[in-house]
Amino acid sequence: MEGEPFSWERVHPTFTWYRTGKVNMTYECVDRHVLNGNGEKTALQYFSETDNFSFTYKELQQEVNRWSHVLAASGVKKGDFVFVFLPKHPYCYIAMLAAIKVGAVVGPLFEAFMEEAVRDRINDCEGEFLITDSSFLSRVHREQIPSLKKIFTTDNEAGEADLSITAEAEKVDDEFDAVWVELDDGLNIHYTSGSTGKPKGIIHAHRNMVQQYQTGRWVLDLKEDDVYWCTAHPGWVTGTVYGVFAPLLNGVTTVIHGGRFSAEAWYQVLEQAAVTVWYSAPTAFRMLKAAGDKTIKKYDLSSLRHILSVGEPLNPEVIHWGVNALNLRIHDTWWMTETGAQLVANLPTRPIKPGSMGRPIPGIEVAVLNEEGEELPPEETGHLAIRSSWPAIMKEVWKNEQKYQSYFPYGKEWYIAGDLAYLDEDGYVFFQGRSDDMINSSGERIGPFEVESKLLEHPAVKEAGVIGKPDPVRGEIVKAFIALNSTYQESKDLIEEIRLFVRGRLAAHSAPREIEVIQELPKTQISGKVLRRELKKAEINQAG
Ligand code: WTA
């Protein structure tokens, strides 16, 4: 095979299903390693302010098996939706792996979601089951989610919920045979935003493991003895694919940090766990940079050997900070919820061009297209396109075939990302922005429509337009322009009330950091749609 061009089929023999025909992601992530004699190796290593404990692969297998028994006995079947609404904690990982082991489609929810964000997502796909912590139950309004058959808590008491999964798990056997599925059966659902409409449910399949394992090797450069830390919560696709699947498929030790960001806490995790490979995001790196050299010098970070970034543009100055402060280059990677795995990246052995996201990985072909769908030569900016298909591409957009088709406006050959970019002569991809109004704040994808809709539910708000305002640390912040109903007077208190109204219903990261009251919003003449582009132009001119 040496010298032949790479094909994804070459990865298949890694997996058990290649020999047995029996497929299940959890089996490949956990059981395979135990059967291969690696049961004593640490799978999960948890750190928080108060706790520090770990699970070996064998212990993880046993715990997942117990939870799987409880789920199966409670009626969870192949193809059911099991939502997981938990903090960054081993229970979140175990819940996901157990749901997958019984053949369900797992829907990890971001821990900061408020009641309406939780409700709308579960309602959209009529989710049947939810695993959560009792302290999160006040954000789950069961009477508004009629499809929910059972709620499990991960405390030892069920409280308002139906069942304590941790208490029940103690009573059952620690062996459980995975429910076998097809490679193309549903694995996980993540809701993600575009510029129009509510967040869409992107469904991925078990076949994704081929690319998730292989990018774990090539891009994350995972090797047997690595201690790996992905800082993302599984509610964001990075936290699922590169926090749970890719590292476990590669059989390494995965670090989980519970708690909020602080430079000290993060450096402490890097030091204590002796992290070797670290995957995070530009906003976090910028905040660490802002915390200063004095802070970083207090810690021994010499175990680190490979750093990666994803989610938003990685500024060259952040790469320079990495080289100065850590003596390591930060490797940018590019992908999307819909693509299921990394497609463009800076491989560890290749030269990095600061400002570029890297090159397409082997097996992936990238082009830049003009409005007519024709390929543009190097240095010309247009639509970033990926030649379809690849192993981890989404299976479907839940109940929205039209939306799925919208990623292929020029035919099946090219998947259109919605990003603007150019290629240089060496095939490096340079991100230039989004082609739509989607907002990217600290790497979170925020759909302006969802925020505008929420603003309009406040009685004082007559019209609303939401944009991303450039920000030195967060990349962009959410800024809302609103017009008030005539019976309301603009005041600081009212603005704060409106901000909290959104924050309390969606999530902190979706709430506008800035709200500006204007008389009237610019609109298209024919359809009366709010012209976000005009708002953005005015905002940028004002700042510049
Ligand atoms: C943006 C995150 C610049 C991009 C895995 C993409 C990036 C969207 C980068 C997907 C990068 C992702 N540089 N921008 N390296 N990586 N993006 O679905 O606009 O949350 O379309 O997936 O984030 O966001 P999502």
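Remarks
- In region 361-373, the residues that are touching a residue at least 24 places away in the same chain (Cβ under 8 Å) and in the same structural domain as ALA345 (by TED's automatic domain parsing) form Cβ pairs under 8 Å with partners that are buried (at least 19 other Cβ atoms within 10 Å of the Cβ) and assigned to a loop (DSSP other than H, G, I, E, B), at six or more places apart or across chains, as follows: ILE361/VAL219; ILE361/GLN342; ILE361/LEU343; GLY363/TRP390; ILE364/LEU343; ILE364/TRP390; VAL366/LEU343.
- Scan of region 160-173 for residues that are closer than 18 Å to ILE94 by Cα and not in a helix (DSSP H, G or I), ordered by number: LEU163, SER164, GLU170, LYS171, VAL172, ASP173
- In the condition set (1) more than 21 Å from the chain's Cα centre (by Cα); (2) within 16 Å of the ligand (Cβ to nearest atom); (3) buried (at least 20 other Cβ atoms within 10 Å of the Cβ), TYR422 is compliant with all but (3).
- Of all residues in region 318-352, those satisfying the criterion of being polar (S, T, N, Q) and either away from the ligand (no atom under 12 Å from the Cβ) or in a strand (DSSP E or B) (or both) are ASN324, ASN327, THR333, THR349.
- Subset of region 299-317 [open to solvent by 10 Å² or more (accessible area, probe 1.4 Å) and either within 16 Å of the ligand (Cβ to nearest atom) or out of contact with any helix residue (DSSP H, G or I) (no Cβ under 7 Å at 6 or more places or on another chain) (or both)]: SER302, SER303, ARG305, GLY311, GLU312, PRO313, LEU314, ASN315, PRO316, GLU317
- Residue within region 243-251 that is more than 25 Å from LYS399 (Cβ to Cβ), outside any helix (DSSP H, G or I) and small (Gly, Ala, Ser) present: yes
- Single residue of PHE129, PHE176 found to be more than 23 Å from the chain's Cα centre (by Cα) and closer than 23 Å to ASN24 by Cα: PHE176
- Odd one out for ALA232 among (1) buried (at least 20 other Cβ atoms within 10 Å of the Cβ); (2) of a type in the set (A, V, I, L, M); (3) not in a loop (DSSP other than H, G, I, E, B): (3)
- Against the test of being surrounded by fewer than 16 Cβ atoms within 10 Å (Cβ to Cβ), touching a residue at least 24 places away in the same chain (Cβ under 8 Å) and of a type outside the set (D, E, K, R), the options ASN65, ASN52 yield a single qualifying residue, ASN52.
- Residues that are on the phi > 0 side of the Ramachandran plot and within 10 Å of the ligand (Cβ to nearest atom), drawn from region 427-441: GLY433
Table: residues versus (1) within 13 Å of the ligand (Cβ to nearest atom); (2) in contact with a helix residue (DSSP H, G or I) (Cβ under 6 Å, 6 or more places away or on another chain).
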site: ASP162; (1), (2): no, no
site: GLU182; (1), (2): no, no
site: GLY194; (1), (2): yes, no
site: ILE202; (1), (2): yes, yes
site: GLN214; (1), (2): no, yes
site: LEU222; (1), (2): no, yes
site: ALA273; (1), (2): no, no
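- Residue among PRO378, PRO409, PRO362 that alone is out of contact with any Phe, Trp or Tyr (no Cβ under 9 Å at 6 or more places or on another chain), assigned to a loop (DSSP other than H, G, I, E, B) and open to solvent by 40 Å² or more (accessible area, probe 1.4 Å): PRO409
Yes/no per residue for (1) out of contact with any strand residue (DSSP E or B) (no Cβ under 8 Å at 6 or more places or on another chain); (2) under 27 Å from ARG503 (Cβ atoms); (3) open to solvent by less than 40 Å² (accessible area, probe 1.4 Å); (4) assigned by TED's automatic domain parsing to the domain that holds SER389:
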{"residue": "LEU97", "(1), (2), (3), (4)": "yes, no, yes, yes"}
{"residue": "LYS101", "(1), (2), (3), (4)": "yes, no, yes, yes"}
{"residue": "GLY107", "(1), (2), (3), (4)": "no, yes, yes, yes"}
{"residue": "PHE113", "(1), (2), (3), (4)": "no, yes, yes, yes"}
{"residue": "VAL118", "(1), (2), (3), (4)": "no, yes, yes, yes"}
{"residue": "ASN123", "(1), (2), (3), (4)": "yes, yes, no, yes"}
{"residue": "ILE131", "(1), (2), (3), (4)": "no, yes, yes, yes"}
{"residue": "GLY159", "(1), (2), (3), (4)": "no, yes, no, yes"}
{"residue": "ALA167", "(1), (2), (3), (4)": "yes, no, yes, yes"}
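- Residue in region 152-159 that is under 21 Å from GLU116 (Cα atoms), under 27 Å from the mean Cα position of the chain (by Cα), in a helix (DSSP H, G or I) and at pLDDT 95 or above present: no
- Applying the criterion of at least 1 residues that are within 16 Å of the ligand (Cβ to nearest atom) and crowded, with 22+ Cβ neighbours inside 10 Å to the strands (runs of 3 or more DSSP E) found wholly in region 442-536 leaves 444-446, 461-471, 475-484.
- Evaluation of ALA392 against (1) open to solvent by less than 40 Å² (accessible area, probe 1.4 Å); (2) assigned to a loop (DSSP other than H, G, I, E, B); (3) away from the ligand (no atom under 14 Å from the Cβ) (one fails), failing number: (3)
The values are calculated or read from the model by the stated rules, or taken from the named source; none is laboratory data. Worth saying up front: this structure is predicted, and the values here are computed from it rather than measured. Every residue, glycine as well, gets a Cβ built from its backbone with ideal geometry; the counts of neighbours run over all protein chains shown. All accessible areas refer to the heavy atoms of the entire protein, side chains included, with ligands and DNA or RNA removed. Shrake-Rupley method; radii C 1.70, N 1.55, O 1.52, S 1.80 Å.
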